[in-house]
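A.B. asks: Encoded as structure tokens, here's the structure I'll be asking about.
The values are calculated or read from the model by the stated rules, or taken from the named source; none is laboratory data. Here the structure is a predicted model, which is why all the values come from computation and not from measurement. Here the Cβ positions follow ideal geometry from the backbone for every residue, glycine too, while neighbour counts run over all protein chains shown. For the accessible areas, the whole protein counts, side chains as well, though only heavy atoms, and no ligand, DNA or RNA atoms are used. Shrake-Rupley method; radii C 1.70, N 1.55, O 1.52, S 1.80 Å.
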Amino acid sequence: MILGRLRTAFFPPVCLICGQAGRAAIDCCAGCISDLPHLSGRCFRCGLELDRSVKLCGRCSMALPAFAATWPGFAYQEEIERLVRRFKFHGDLAAGRLLANLLALRLSELGAPRPDLLIPVPLHRRRLLWRGFNQSALLARDLSAAMSGLPWTSALERVRNTAAQVQLPADGRVSNVRGAFRIDRLPGKPRFVALVDDVMTTGSTLNECARVLRASGVERVDVWVVARA
Ligand SMILES: [Zn+2]
Ligand SMILES: [Zn+2]
């Protein structure tokens, strides 16, 4: 708290998008926040963008995902896409913290229920070494700070180095992630967990993570993502 206040006193927030003065404690101005790309409607279960919001989209009603709800902060376009790229591919950690703060604001606007624990989607050791950080773990850490210390832990481990999902067609993505994750140890028997990731595309990775958590006794798993592609 004190450190946060000191930081704000010495480094007043500056909008990372337009360079003007930021909002209290957030590196973004009110104008840029209101211009961020939103989904017009979505499937409440998987977050898929639709013209209007529905409980289940066609795909979810064919095969229910292991997660109960998806809370996408934004659409993967425009400034959100640029901030994600700055964060993930150029190691701009301030952009990552801003994305976490923007997602925290959006989650409270959407009324997302508060889970017992946040768990980031893990990277395989080899990719972690190559990139130097796991973007989902940093998002979980910054979300925790933005949401009055909501607990988070990297309890999931990627035991198999799966081919990058973007290189595969949608039907290849499900088998690609089967058995790819293991749970390390869940602190305090959480009943309700939110999985954290930067961008959700087909949701196969998140579904497999949710399946592993449910199999270990977690009753409800929600998905929190900065953006839905
Ligand atoms: Zn701005
Ligand atoms: Zn759906």
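A.B. asks: Given the protein chains as shown and a 1.4 Å probe, how many square angstrom of Asp116 are accessible, to the nearest 10?
C.D. replies: Approximately 80 Å² for this residue.
A.B. asks: Suppose all protein chains stay in the model; what accessible area per residue would a 1.4 Å probe give for the range 181-221, in Å²? Walk me through the numbers on the way to the answer.
C.D. replies: Details: 1880 Å² over 41 residues.
Result: 46 Å² per residue.
A.B. asks: Say each of Lys189 and Arg85 gets a label point 7 Å from the Cα, pointing the same way as Cα to Cβ; how far apart are those two points in nm?
C.D. replies: 4.8 nm
A.B. asks: Looking at the chain as a GNM with Cα springs under 10 Å, which of Met200, Met62, Met147 has the largest mean-square fluctuation?
C.D. replies: Top of the fluctuation ranking is Met62.
A.B. asks: Also: Compute the FRET efficiency between Phe133 and Asp35 as 1/(1 + (r/R0)^6), taking r as their Cβ-Cβ distance and R0 = 30 Å, and round to the nearest 0.05. Provide the component values of the computation, followed by the final result.
C.D. replies: Numbers: r = 28 Å, r/R0 = 0.94.
Efficiency for this residue pair is about 0.60.
A.B. asks: Stretch Arg160-Gln20 to full length: gain in nm at 0.36 nm per residue minus the Cα-Cα span?
C.D. replies: On the way: separation 140, 0.36 × 140 = 50.40 nm, distance 4.42 nm.
Contour length minus Cα-Cα distance gives 46.0 nm.
A.B. asks: Which helices of the chain meet both criteria: a Cα extent of 24 Å or more along the helical axis and a mean Kyte-Doolittle score no lower than 0.5, with helices taken as whole DSSP H segments? Show your work: numbers first, answer last.
C.D. replies: Values: long enough: 93-110 (25 Å, 1.13).
Span-like helices, by this rule, are 93-110.
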